[in-house]
Amino acid sequence: MVSNENHIGKITTSEKYLRELIMHAVTGCFGVADICSSNVILPDFIPFKHRDKKSGVHIHADSDGGLIIDLHIKVTYGTNISAAVKSITHKVCFTIEEAAGMTVSCVNVYIDGMIY
């Protein structure tokens, strides 16, 4: 659970909701082919439904109350990686701030692979 306190009161948001929100925002960005697992590399022949996509999104809270988000993704071949990372960072920050009302301190994007 991630808590946010403001002048109205305390808001508690489940980590599952934030992960799903982030995954939806990231997969909608141009150039993103897949969200990967950060600790286990699975071969491409393992079916999509048997992969744990949630482990590719890590959410931490910093000392100021903002969120630090780590993303592990695969991009499509020929994608301008710099532009894709800027787009992902902007979209994730905007989505979290609009939907959950929380501030995002940092979005770290790790490119774990490329799909041809």
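The values are calculated or read from the model by the stated rules, or taken from the named source; none is laboratory data. Only a predicted model underlies this, so the values are computations on that prediction, with no experimental measurement involved. Side chains are part of the model used for accessible areas, which takes the heavy atoms of the whole protein and leaves out ligands, DNA and RNA. Shrake-Rupley method; radii C 1.70, N 1.55, O 1.52, S 1.80 Å.
Things to note:
- Crossing angle, helix 15-27 versus the chain [Cα axis fit, 0-90 degrees, rounded to tens]: 50 degrees
- Kirkwood-type radius of the chain, with distances r between different C-alpha atoms, in Å: 14.9 Å
- Per residue solvent-accessible surface (Å²) - the chain, probe of 1.4 Å: 62 Å²
- Of all DSSP bridge pairs formed entirely within the chain, close to 55 percent run antiparallel.
- Helix 81-99 vs. the chain, principal-axis angle (Cα, 0 to 90°, nearest 10): 30 degrees
- Summed over qualifying helices (DSSP H, 4 residues or more, each -39500 (n - 2.57)) and divided by its residue number, the chain shows a 222 nm mean residue ellipticity of -9000 deg cm²/dmol.
- Using a probe radius of 1.4 angstrom, the carbon and sulfur fraction of the accessible surface of the chain is 56%.
- The stretch between residue 97 and residue 83, if pulled fully straight at 0.36 nm per residue, gains 2.9 nm over its current Cα-Cα span.
- Its alpha carbons considered, segment 53-111 gives a radius of gyration followed by a Dmax of 12.1, 38 Å.
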